[in-house]
1. Could you give the size of the charge dipole of the stretch 169-239 about its Cα centre, using +1 on the Cβ of each K and R and -1 on the Cβ of each D and E, expressed in debye and rounded to the nearest 20?
2. Give the shape of the chain as rounded, prolate or oblate, defined through the alpha-carbon gyration tensor: a ≥ b ≥ c are the square roots of its eigenvalues, a/c under 1.5 means rounded, and otherwise the shape is prolate if a/b is larger than b/c and oblate if not.
3. So for the pair residue 202, residue 139, with labels modelled 7 Å out along Cα→Cβ, what separation do we get in nm?
4. Find how much the distance from residue 99 to residue 66 grows on full extension, using 0.36 nm per residue of separation minus their present alpha carbon separation; answer in nm with one decimal.
5. Going toward the positive end of the dipole of the chain, with +1 on Lys and Arg Cβ and -1 on Asp and Glu Cβ, which of 40, 87, 76 do you reach last?
6. Show 157, 165, 44 ordered by accessible area, largest first, where the area counts protein heavy atoms only and the probe is 1.4 Å.
7. When the accessible area of the stretch 4-184 is computed with all protein chains present and a 1.4 Å probe, what percentage of it is carbon and sulfur?
8. Nearest 500 deg cm²/dmol is fine: what mean residue ellipticity at 222 nm does the chain get from its DSSP H runs of n ≥ 4 alone, each adding -39,500 (n - 2.57), divided by its residue count?
Amino acid sequence: MENVIFLDEVDSTNNYLKSRCAELPDGSVVTARTQTAGRGRRGHGWTASEDMLPLSILLKRPPECENLTARVGLAVCEAIESVCKTTAAIKWANDIIIRSRKVCGILCESVFFGDCVNVIVGIGVNVSQSAEFFAAADLPNAGSLLMLTGEVPERGHLLKRIAEHVKIRAATPFSECYDEYKRRLINLNKQVRLISANGERTAVAVDIAPNGFLVCRDENGEFEVSSGEVSVRGVDGYL
Ligand code: BTN
């Protein structure tokens, strides 16, 4: 695969691409053996040891940026299934779930360069940490591929498959990903807690809108929420 940068250590693979956006070509991929100040969604950290695979992909002027994050989730499921004997699902909007545990998180960030929007797709896969690691880190909902599938894919191979699938899905309109995305979603027809800056409310997740928003219903009727504003949990816990 062309344009893959392998680093020994980096603060954040997303930061690395962000600061080199102008000079690097479209489709550049960066990964590192360790990531010291990785970033997750909603201000969480994502420090990565050698047991994890942090990577970022630079997409220059991708078509249909709006729901790219959902399509990346789909691509990561496909890539994981191509290297491990397992079935991967999606917790809206793009947490990757195997056997009820989160094995991968995705952070897409837009970088504006003149009138051009570039997107940095950041992906962190839990590859081979132990159950004890997650217990000590107080991450009861997380798991690694090793724990959940019994397999440890070769990191370079997994990286290549993820990058390939992300590039394909990023070039495919959401309308063509819609059925497959929906098939993998674990939230539909379940009661969910919708957590936003304004507080929390409970509703039933009933559908995905054509733009990727989650369609919910409560006693006042149907409404849509976007992943930028709301995170979703099950009523009794994570799922
Ligand atoms: C989440 O909170 O679920 C998203 C986690 C995203 C982590 C990845 S690791 C590679 C890339 N670099 C970063 O700093 N973050 C993303």
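The values are calculated or read from the model by the stated rules, or taken from the named source; none is laboratory data. Not measured: the values here are computed from a predicted model. Here Cβ is always computed from backbone atoms with ideal geometry, including for glycine, and neighbour counts include all displayed protein chains. Quick note on the areas: whole protein, heavy atoms, side chains included, nothing else; ligands and nucleic acids left out. Shrake-Rupley method; radii C 1.70, N 1.55, O 1.52, S 1.80 Å.
1. Values: 9 positive and 11 negative charges, 54 e Å.
Computed charge dipole of the stretch 169-239: roughly 260 debye.
2. oblate
3. 2.9
4. Working: separation 33, 0.36 × 33 = 11.88 nm, distance 2.87 nm.
Extra length available between residue 99 and residue 66 comes to 9.0 nm.
5. Of the listed residues, the answer is 87.
6. Numbers: 157 75, 165 40, 44 120 Å².
Final ranking, largest accessible area leading: 44, 157, 165.
7. Values: 4020 of 7750 Å².
Exposed carbon and sulfur together represent 52 percent of the surface.
8. Working: 6 runs with 60 residues, N = 239.
Per the formula, -7500 deg cm²/dmol.
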